[in-house]
Amino acid sequence: MSPKRDREDGSNDGKPQHERKPKEEVTHPRKRFYRARAHSNPLNVADFDVPTRPDDLDWSEHFPEFLQEWRDRQQQQQQQQEAGAAAGPSSSETPAVRFVDIGCGFGGLLVKLSTIYPDTLMLGMEIRDKVSAYVRERIAALRREQPGSYRNASVLRTNAMKYLPNYFKKGQLTKMFFLFPDPHFKAANHRRRIINTHLLTEYAHLLAPGGWLYTISDVPELGEWMKAKLEAHPLFERVSEEELEADPAAGLLALSSEEGQKVARNGGATYRNVYRRLAAPRKVAPAAADAEAEADA
Ligand SMILES: C[S@@+](CC[C@H](N)C(=O)[O-])C[C@H]1O[C@@H](n2cnc3c(N)ncnc32)[C@H](O)[C@@H]1O
């Protein structure tokens, strides 16, 4: 019998079996090897390096192919300009991270966003060591499996409640995601919540005017808490349902992440609150703002 040649997908190159190169198998990380404690105390954890300022971080370690391609394009355009040819529109600004997924967990949102916005650099930030290692491996495996894809997504381990300004400059971000943040139910632990008045001011500083801050929770009380904090903050306004309908990212909030999928499997309800960073502060009743700020403490 003649050796079996082409498979239907053409992946055998028409060669007999003994001549075929073994296809490189891409192994994906398995979550069970990256299990970690459910929570870290965000007020304590600090055993990782943090850049002193955003310029100290070498982003080409996170996005090597993406940035190399940009540099090659820049060089090409410069050569064309020097040769007197029309070189088309160019942006000399080095690409920077625009989207962040804060507390990204196992990275489900990040990998979905990566293919929807392939030209945007995005970063997951996760405090748990093993969980951030899992996301790093997950992205590396996806990049190997689908060359050219996922090179705009990366992850780093950090405490986002403490160090965001060490990574990003004023107005740099256009989208910030907070999917199913830890609820910290006890009143004594509310100061650990990642949405609070003080941190919203920091997020407003890092968001470009017009940038969006996305939140979702399955805990009604936390959904209300986040909404109340955002409503009382003068630098944010609620995004309308019509705008959310038209926004691909808003449609991902409930089901893209691992936590969201768990909530859906258990039939839980979700509470989505998305706000826009205003260019100038709006008027907020001072009593409401003060009450929310006091409740954080
Ligand atoms: C309930 S999980 C949700 C994970 C993910 N967003 C999802 O929807 O599947 C909350 C995540 O936030 C992370 N986290 C909590 N505090 C953090 C902090 N200060 N900085 C970075 N990550 C944090 C936790 O380790 C955890 O992975």
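What follows draws every value from the coordinates through simple rules; no lab data is involved. Bear in mind the structure is a predicted one, so any value in this text is a computation, not a measurement. Backbone-built Cβ (ideal geometry, glycine too); neighbour counts: all protein chains shown.
Taking every alpha carbon pair in segment 67-164, what does the distance histogram look like in 5 angstrom bins from 0, in percent? Whole-percent P(r) values from 0 Å outward: 2, 13, 20, 19, 15, 11, 8, 6, 4, 2, 0.
The ranking of Ser256, Ser132 from fewest to most other beta carbons within 10 Å of each one's beta carbon is Ser256, Ser132. Scan the chain and report its longest stretch carrying no trypsin sites (Lys or Arg not before Pro) that are both in a DSSP loop and have at most 14 other Cβ atoms within 10 Å. Excluding the exposed sites themselves, the longest stretch runs over 38-168. Applying 1/(1 + (r/R0)^6) with r as the Cβ-Cβ distance of Arg53 and Glu245 and R0 = 41 angstrom yields a FRET efficiency of 0.60.
Using a cut-off of 11 Å between beta-carbons, work out the net charge of the residues near Gly251 (Lys and Arg +1, Asp and Glu -1, Gly251 not included). Let's see the in-between values first.
On the way: positive: Lys112, Arg272; negative: Glu245, Asp247.
So the surrounding residues net to 0.
Computed on the Cα atoms alone, the convex hull of the chain gives a volume of 209 cubic angstrom per residue. Between helix 64-82 and the chain there is an angle of about 80 degrees, using the helix long axis and the longest principal axis of the Cα atoms. May I ask you to list the aspartates and glutamates whose Cα is less than 14 Å away from that of Lys130, ignoring any residue fewer than eight positions away on the same chain? The reachable aspartates and glutamates, counting only those whose Cα sits under 14 Å from Lys130, are Asp47.
Only helices enter this figure: runs of n ≥ 4 DSSP H residues, each worth -39500 (n - 2.57), summed and divided by the residues of the chain, yield -10000 deg cm²/dmol at 222 nm to the nearest 500.
To the nearest ten degrees, helix 286-296 and the longest principal axis of the Cα atoms of the chain are 60 degrees apart.
Among the listed pairs Lys31/Lys229; Lys186/Lys262; Lys170/Lys262, those whose Cα-Cα separation exceeds 25 Å are Lys31/Lys229; Lys170/Lys262. Annotation: the antiparallel percentage among DSSP beta bridges lying fully within the chain is about 30.
Rounded to the nearest 10 degrees, the angle from helix 220-231 to the longest Cα principal axis of the chain is 80 degrees. For Lys283, the aspartates and glutamates whose Cα comes closer than 18 Å to its Cα, not counting residues fewer than 8 places off in the same chain, are Glu231, Glu237, Glu292.
Compactness check for segment 113-221: Cα Rg over 2.2 N^0.38 Å is 1.17. Per residue, the Cα convex hull of segment 154-297 amounts to 122 Å³. Taking each residue as 0.36 nm, the span from Tyr163 to Ala287 lengthens on full extension beyond its C-alpha to C-alpha distance by 41.7 nm.
Which semi-axes, in whole Å and largest first, does the equivalent ellipsoid of segment 230-280 have when worked out from the alpha carbon gyration tensor as the square roots of 5 times its eigenvalues?
Rounded to whole Å, the semi-axes are 25, 13, 9.
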